[in-house]
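Presented below is the structure to which this report refers.
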Ligand code: HEC
């Protein structure tokens with residue numbers, strides 16, 4: 001008898017009530033848009049999130065990983081600077097996943113779910129001007145990381161400008177990151193010739209002094225496109241050299257990674273360069289970079305621009321002791337410009353992060369960085385146990401402090417150039433999440449204001465940011481109006497809407513969300 005009662009109670013508590021989001025109506029859209037890109041067969045994510053059954057199996061881990069903002073992986077803090085094409089969930093999306101899991105992870109009506117995405121091996125640069133692939137390489141099984149450089153001759157007879165660069169990993173499970181260089185000296189080809197296997201081993205750089213870094217790739221990274229009118233100079237007769245990081249693996253595997261380039265038509269482009277403008281030798285202010293055992297130590301560098309400069313992207317780089325990497329600029333008038341803040345540096349997730357608009361730095365602007373290293377036992381990536389002295393060098397067990405900037409000569413007005421203006425990553429098949437967390441609680445954001453309130457035909461919304469998606473949600477949780485705004489004030493026509501209580505949501509680039517309650521009478 002007692003057993004029966006418990007069973008009945010259990011049935012009641014796990015039954016989805018009206019307030020629980022469902023897979024089909026709410027969660028599938030989030031997962032297909034933000035997770036399946038990596039979590040599918042052959043993707044870098046190790047397990048699939050392509051169906052209700054997959055997600056149900058992983059539900060608790062999904063809740064925890066999204067609440068901790070560990071997934072989707074996106075190292076730069078969007079609150080410090082919101083980047084182009086950033087991979088972040090809104091707080092609402094995180095809350096919906098949690099509410100779904102905590103409510104028993106119901107499927108709901110499966111016919112409402114969007115069709116799962118199809119991942120063809122389609123290139124992001126569909127008809128590249130240059131497509132070069134490295135020879136098939138058998139990655140030996142090894143207990144150590146393997147950093148291998150491959151030379152891709154591209155037979156380019158004259159100087160050209162690269163406007164798009166795509167890395168297509170041959171083996172998505174094994175290619176952990178790729179640095180792309182150009183080498184016009186022939187040095188890399190000579191090193192390659194000395195090694196009988198395809199490629200040659202080299203950590204840090206590619207072992208050729210004059211080779212120039214032109215791109216970086218990490219799992220999930222998209223192709224890199226330069227802002228309109230700008231290009232990376234590809235020197236005549238240069239080789240493309242890729243350094244591929246294969247993590248330790250118990251099986252031997254095959255890889256053949258490809259590079260696709262889009263070139264500008266012959267003619268003038270503003271030349272972009274990718275340089276380590278803040279670094280651990282030339283402009284470190286508290287060097288040398290030596291980190292004592294059992295300490296958390298901080299290092300800085302600074303550089304004042306001798307000319308007006310425009311930066312379009314940033315790529316911070318350190319090794320296994322790196323804990324936090326932050327860069328900012330101070331303009332001659334004292335204005336502070338946040339650039340990037342990686343709160344939890346993770347050697348495995350590196351990227352070249354593009355700004356939504358290029359950032360113009362007048363002559364005399366100082367760029368600063370602060371890098372925190374954790375050389376204690378608490379750092380799970382510490383290569384030494386017990387910790388040892390670690391200093392500047394090329395090996396994984398050495399350290400580095402580099403902030404690469406994609407930059408060009410700066411012109412007034414560069415900040416008007418649009419790289420990415422959308423507040424949130426486009427959803428799979430434009431699916432929408434029906435569920436809104438917290439509508440019933442009437443959480444009123446302090447900074448967004450609506451007047452008059454109550455309103456009749458029109459009301460004026462004053463926002464705390466320049467661009468936002470606005471959604472007006474009725475008492476049933478349906479979005480009755482969706483608008484994209486530029487500017488901080490918008491006048492909305494509510495004359496055709498049913499009278500009642502609504503929640504107005506403003507979603508800003510970077511995922512910040514504000515809400516206000518409004519009554520139409
Ligand atoms: C850019 C690719 C990428 C995206 C996008 C991504 N993941 Fe992952 N995910 C990974 C990789 C790679 C791992 C393995 C991490 C590791 O080995 O450290 C992982 C691991 C995980 C894990 C296991 C974490 C653990 O505790 O070990 C979970 C759960 C997860 N992802 C959920 C998600 C969810 C949910 C989303 C979408 C909201 C998502 N991921 C989006 C690449 C991705």
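Any read-out appearing in this document is the output of simple, stated calculations on the displayed coordinates, not a laboratory observation. Note that the structure is predicted; figures quoted are calculated from it, not measured. Using ideal geometry, Cβ is built from the backbone for each residue, glycine included, and neighbour counts are taken over all protein chains shown.
Quick one: angle between helix 91-102 and the longest Cα principal axis of the chain, in degrees between 0 and 90, rounded to 10, please. Once rounded, one gets 70 degrees. Of the three principal axes defined by the Cα atoms of the chain, the extents in descending order read 75, 65, 51 Å. Where a ≥ b ≥ c are the square roots of the eigenvalues of the C-alpha gyration tensor, would you call region 213-305 rounded, which needs a/c under 1.5, or, failing that, prolate if a/b is larger than b/c, or oblate? Taking the square roots of the gyration eigenvalues as a ≥ b ≥ c, region 213-305 is oblate. Rounded to the nearest 10 degrees, the inclination of helix 2-14 to the longest alpha-carbon principal axis of the chain is 70 degrees. Computed on the Cα atoms alone, the convex hull of region 436-520 gives a volume of 81 cubic angstrom per residue.
As a proxy for reagent exposure, ranking 83, 481 by other Cβ atoms within 10 Å from fewest up yields 481, 83. I need the shape label for region 176-335. Rule: rounded when a/c is under 1.5, else prolate if a/b > b/c, else oblate, with a, b, c from the alpha carbon gyration tensor. Oblate, since a/c reaches 1.5 and b/c is not below a/b. Taking a ≥ b ≥ c as the square roots of the eigenvalues of the alpha carbon gyration tensor, region 180-253 is oblate, as a/c is not under 1.5 and a/b does not beat b/c. Put the Cα centre of region 471-521 next to the Cα centre of region 159-182 and the gap is 42 Å.
Pairs of C-alpha atoms in region 121-268 farther apart than 22 Å represent 36 percent of all such pairs. Per residue, the chain reaches -3000 deg cm²/dmol at 222 nm when only DSSP H runs of four or more residues are counted, each adding -39500 (n - 2.57).
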